[in-house]
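Report on the structure given below.
The numbers here are math on the coordinates, done by the rules we state, and not lab data. These numbers come from a predicted model, not from an experiment. Here the Cβ positions follow ideal geometry from the backbone for every residue, glycine too, while neighbour counts run over all protein chains shown.
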Amino acid sequence: MHDLRLREYPTDLNQRTCEWIERIDRPRGPTVSAGDLYRGAYWSTVRELSKAAGKQGSKIEMWVASAGYGLLHIDNQVEGYSATFAAYSPDSVSRAGGGEAAAIESSVWWERLARRPKNTEKIACLRELAEESPRDPMVVVLSNSYLRALRRDLLEAEQQLDDPTRLFTVSVGTGPPEISHLQVPLDARFQPALGGSLGSLNVRAAKLLIEESVSHRWNGKVVRDEFLKRQESLPPIERPKGRSLSNDQVAQFLRDALKKDATATHSSLLRKLRDSGLSCEQRRFADLFATTLKGMK
């Protein structure tokens, strides 16, 4: 998998895209189904969605929004890889850090993966998925960085559905404004009620959405009104304040952590820092992560 780590590819977006696509279209190593490739607490919760749907007398088709391959059905065969739309990871699609520039680069990357000439899959993006099944509800569970990468595809998918209000994006926090009307209201206040970590809250909320489908019958207005009502009734999250660190102390923490695991992301390390009773503002931590990572290359 060493040659399927995005950090090994050129900085220039066009060159990186061309070389990456050429590589994934010429498999060299063993492949596994997408459903077997992804592991961890988040993906174990994802696997519960089919059971939740079955209890409601429904069946769902599972797809993966992959930064390495584009849209994958869970049965698609792929090689192991390391690529992400998350900012500041060594294997980020965009080298622009966070912000709108990174979102634009990620969006271009997603479109090129879908349109690559040797992609033989009948369905290669969300728009084509909606076009294939225009009467079915579509629940898209993504982190904020992935929402930004797929926002154009989401808007195009919305136009293909017989009832556009049956496209739901489930993502903690506030997404891009142009797709805010698709978003199910969801923030960290749901975590105590739904259990699990904040990192798996998106998929746990999607599970709740599926479990209650018999009552809301995938009526977009009913779903969003009910989630908003719940959200407003929940108590605010009280987070204990940890001891704040200086820039030098944070940089040392990052160097030590990255020496142990060069693939660690800035979000996972920030959680680790805060779980230890220390603190650093998110934006400052992200900037220090990028600087430290660059200095270690």
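Here are some notes:
- Less than 5 angstrom separates the built amide H of V140 from those of F168, T169, V170, all sequence-distant by 5 or more or on a different chain.
- Evaluated over the chain, the count of Lys pairs having alpha-carbon atoms less than 17 Å apart is 12 (only pairs 8 or more residues apart or interchain).
- Span per principal axis, largest first, for the Cα atoms of region 90-175 (Å): 39, 36, 17
- Computed E for K122/I237 - FRET, C-beta separation, R0 41 angstrom, nearest 0.05: 0.40
- For the chain, DSSP calls about 40 percent of its internal beta bridges antiparallel.
- A straight line joining the Cα centroids of region 247-284 and region 97-150 runs 30 Å.
- Among W63, W110, the ranking by other beta carbons within 10 Å of each residue's beta carbon, starting with the fewest, stands as W63, W110.
- Value of relative contact order over region 101-227, rounded to a whole percent, pairs C-alpha under 8 Å and six or more apart: 22
- For region 243-296, the relative contact order comes to 51 percent (Cα pairs under 8 Å, sequence separation of at least 6).
- Equivalent ellipsoid semi-axes, the chain, via Cα gyration tensor eigenvalues times 5, rooted, Å: 30, 27, 17
- Charged-residue dipole, Cβ positions (Lys, Arg, Asp, Glu), the chain about Cα centre, Debye nearest 20: 860
- For the chain, with +1 on Lys and Arg beta carbons and -1 on Asp and Glu, the positive-most of W109, L72, S92 along the dipole: S92
- Leading residue at positive end of dipole, the chain (Cβ point charges), from S44, A157, V141: S44
- Over region 243-296, the Kirkwood radius and the radius of gyration, each from Cα atoms, give a ratio Rg/Rh of 0.91.
- Where Rh is the Kirkwood radius over Cα pairs, Rg/Rh for region 217-274: 1.28
- Span from the region 1-70 Cα centroid across to the region 207-231 one, whole angstrom: 28
- Value of Rg to Rh for region 39-162, rounded to two decimals, is 0.96; Kirkwood radius and Rg both from alpha-carbon coordinates.
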